[in-house]
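The values are calculated or read from the model by the stated rules, or taken from the named source; none is laboratory data. Note that the coordinates shown come from a computational prediction; the quantities given were computed from them, not determined experimentally. Every residue, glycine as well, gets a Cβ built from its backbone with ideal geometry; the counts of neighbours run over all protein chains shown.
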Amino acid sequence: MPARVDVLGPRNGRHGLAVRRPEDIRILVRPTSRRPPSRTALSSRGALAVGLALASLAVVVAGACVGSAMTSRAATDQARAILSEPAVVFPAAGPLDAGLPQTATISARDGTVLSEINDVHFGRRTSVALSDVSPYLIRATLAAEDRSFFQHEGVDTRGVLRAITQNLTGDGILSGASTLEMQLVRNLFLQDERTEQTLSRKLTEAIGAMQLDERFTKEELLESYLNTIFYGNRAYGAEAATQQYFGKPARDLTLPEAALLAGIPQRPVTYDPVLHLDKAKARQEHVLDLMVEAASVTAEEAAAAKDERIAIRQPAPLPTRAPHWVNYVRELARERFGPELLFTGGLQIQSTIDLGIQELAERIVAQNESVRQLARADNTAMVIIEPSTGQILAMVGSKSFSDQSIDGQVNVTTAGRQPGSAIKPLVYLAGFEKGLNPAIEVVDEPTAFSAPPGQPSYRPENWENRYYGRVTLRDALGNSLNIPAVKVLKYVGVPALLDLTRRLGITTLDDWDSRWLSLTLGGGEVPLLELTDAYATIARGGTRLPLEPFLKVETVRGALTYEGPSAPEGEQVVDPRNAYQLLHMMGDTGARQVTFGPSSPINLGRPHMVKTGTTDDYRDTWTIGCVPQMCVGVWMGNTDNDPMVNVSSSLTAGKVWVDMMNALIAQYRWAPEDFPRPTGVVVSQIPNVGRTRPGSSRHEDVFLEGRQDRFPLEMDWRQPD
């Protein structure tokens, strides 16, 4: 139920609106269920009697015009039949304009509006309560459109009789006399007939207006009118129009602005203040004169308002901020809440994006153009997730949304790309779930593996064909060795890995042929967003939280549709002990030495986890990793999948990842923090294996309590699956 607005003035009583200044207006906001009991005009029964008389007159005169011998009594009986049927069908519940499309908005977490979503056929519309409309606009509208609004019961009887008389004696065109209720009937229920200038349409409006007045309070009708009337430039309703022309809410309109706005609906094209400010100003001055006649303002106030200069905001689209994010959120909202609620509900979507982090990410992507040029890459994407909440804080879908040469509007963070070795941590995690541990030894050497029937044996190679013999799983992952990773996948089986990826939220690998072991080297396509989310699950100890793009979603009328949890409870999809084993491995800088060097740029100098990935022919480079406070995923490559030059992922996507991580650490001054160690694990010093740790003899490793065995991983690698 809309708020009731009682306007008290010094001269005209409760509904006269004869007020001098905003401070003379007392707005009492309270629910109302029926119209005020006292009226200075006709009662409801009297209004219907007037309607009957009008209908009778119309039928008699119409009959006379065609030579009919219909009597007055017969005409009255026919008119009574007309009035016995509803002129219009009202909504079963809610305000009159409840079914009209409303402007939806997508905002950042701080409330900054990023985008408006408007129905292409209905323009901008944002319904507000009557108490959120400036009293100046209420008074100006009533003075210009329906001065006796609070006295009549839907129809200005004299005006309608005058219109009918003119129609019968003149050139067939009805004069005005439309009350606010009649305009509501025309605009909301007679869309197909609204341009007709006929007696029957006018009669339908009059009957419908009286029915409206019977069912709804004056405050409800006034609120609906101010939320639906057309103000030009695709702006429907006072709130949309005020934002369109003055860049502020309707409650803040001044007297000069309100008078100008109230004059537009009569002829929105003629009085368009953007194109015809002189005509709009002349109309404003006429409205101010009408307000003086209605004792709504003094002559002095009107004169001052006429002299005040009005600045009209030139129509301009919202600045383009986080466009890939806006498109992502809009599609998610459509899927989750449905297109009808998105548009007719005017959803106000407060998203999780942090504009400070977003702008920082965009700047770092732009600053690494020289890296792209050296690599002969044309694009970069980045996504940032807060592990503790699952909220997405930044999304850079490409280096430039407007760059058509790279299909910049394509959101690479949600598109499937081959991840290369960035998928390997999940392979090792699947191994831990099958009883392996980081200290298990495997032989890194050229190996032939099984393949589907009719296919030659699968023979992967290490980067630059370097092999290291006996290595631990820890050092094999740290140095991104291919042969050990394929052996682990062969040992656990592709179905086990696919089961794990589904638990971690990856949706694009379900159709993978489980006989192909190339999945462990990134043969399947996954979105950067989903793989970064999987890393975030590992970072929070194996607890899966749904990706969260929404903080709060409300309808334009304030009904809460969704609110994201402040402390979400996730699902434990991975044993926290296995997750910690993997975290410990991925943060071990000593395990990366022979591939990345002892001073690799991806070594952050604080607890972290990270993995790079490069695909065949250098078509994609990835780097994804986390500190306890934040996870960052970066992709670099060519949008059209052309290969880059022979580049290292740690110097391409990895360079961008390091820049972003260091910028976040500096901006938020995060102290170094360890990932939480769960109960049930044992951390021990063990001897090094092989030649992957030059300069040291021992390293730290993580075991499950009671399961500190170390054994070589061996089996028939060609055995069919």
Tell me, please, whether a residue that is under 23 Å from ASN227 (Cα atoms) and part of a helix (DSSP H, G or I) can be found in region 314-335.
no
Could you check region 424-438 and list, in sequence order, the residues that are among the small types (Gly, Ala, Ser) and buried (at least 21 other Cβ atoms within 10 Å of the Cβ)?
ALA430, GLY431
Answer yes or no: is there a residue in region 456-473 that is part of a helix (DSSP H, G or I) and at pLDDT 95 or above.
yes
Looking at region 479-492, is at least one residue under 36 Å from the mean Cα position of the chain (by Cα), farther than 19 Å from ASP721 by Cβ and not hydroxyl-bearing (Ser, Thr, Tyr)?
no
Consider region 505-552. How many of its residues are farther than 20 Å from MET395 by Cα, of a type outside the set (Lys, Arg) and touching a Ser or Thr at 6+ places or on another chain (Cβ under 8 Å)?
6
Tell me, yes or no, whether region 617-628 has at least one residue that is in contact (Cβ under 8 Å) with a residue 40 or more places away in the chain, assigned to a strand (DSSP E or B), among the small types (Gly, Ala, Ser) and touching a Gly at 6+ places or on another chain (Cβ under 7 Å).
no
When both residues are 6+ apart or on different chains and their Cβ atoms are under 8 Å apart, which pairs have a first residue that lies in region 423-436 and is assigned to a helix (DSSP H, G or I), and a second that is aromatic (Phe, Trp, Tyr) and buried (at least 24 other Cβ atoms within 10 Å of the Cβ)?
PRO425/TYR535
Before we move on, is ALA394 more than 30 Å from PRO460 (Cα to Cα) and either part of a helix (DSSP H, G or I) or of a type in the set (Asp, Glu) (or both)?
no
Can you tell me which residue is farthest from VAL658 (Cα to Cα) among those in region 605-638 that are touching a strand residue (DSSP E or B) at 6+ places or on another chain (Cβ under 8 Å), surrounded by fewer than 23 Cβ atoms within 10 Å (Cβ to Cβ) and modelled with pLDDT of 95 or more?
ASN638
What tally of residues in region 277-295 results from selecting those that are farther than 19 Å from THR242 by Cβ and either of a type outside the set (D, E, K, R) or exposed (fewer than 14 other Cβ atoms within 10 Å of the Cβ) (or both)?
8
Selected residue [at pLDDT 85 or above, among the acidic types (Asp, Glu) and under 31 Å from the mean Cα position of the chain (by Cα)] from ASP119, ASP132
ASP132
How many of the residues in region 650-703 are of a type in the set (D, E, K, R) and either buried (at least 19 other Cβ atoms within 10 Å of the Cβ) or on the phi > 0 side of the Ramachandran plot (or both)?
5
LEU529 being surrounded by fewer than 20 Cβ atoms within 10 Å (Cβ to Cβ), touching a residue at least 24 places away in the same chain (Cβ under 8 Å) and closer than 14 Å to CYS631 by Cα:
no
Matching residues in region 483-526 - criterion: being buried (at least 22 other Cβ atoms within 10 Å of the Cβ) and of a type in the set (S, T, N, Q)
THR501, THR520
Considering only region 548-567, state which residues are closer than 19 Å to THR537 by Cβ and not acidic (Asp, Glu).
PRO549, GLY564, PRO565, ALA567
Filter region 274-309 for residues that are free of Cβ contacts under 8 Å to residues at least 40 places away in the same chain and part of a loop (DSSP other than H, G, I, E, B); the one that is farthest from ARG139 (Cα to Cα) is LEU275
Please verify whether GLY111 is more than 19 Å from GLU223 (Cβ to Cβ), at pLDDT below 85 and surrounded by fewer than 23 Cβ atoms within 10 Å (Cβ to Cβ), treating the condition exactly as stated.
no
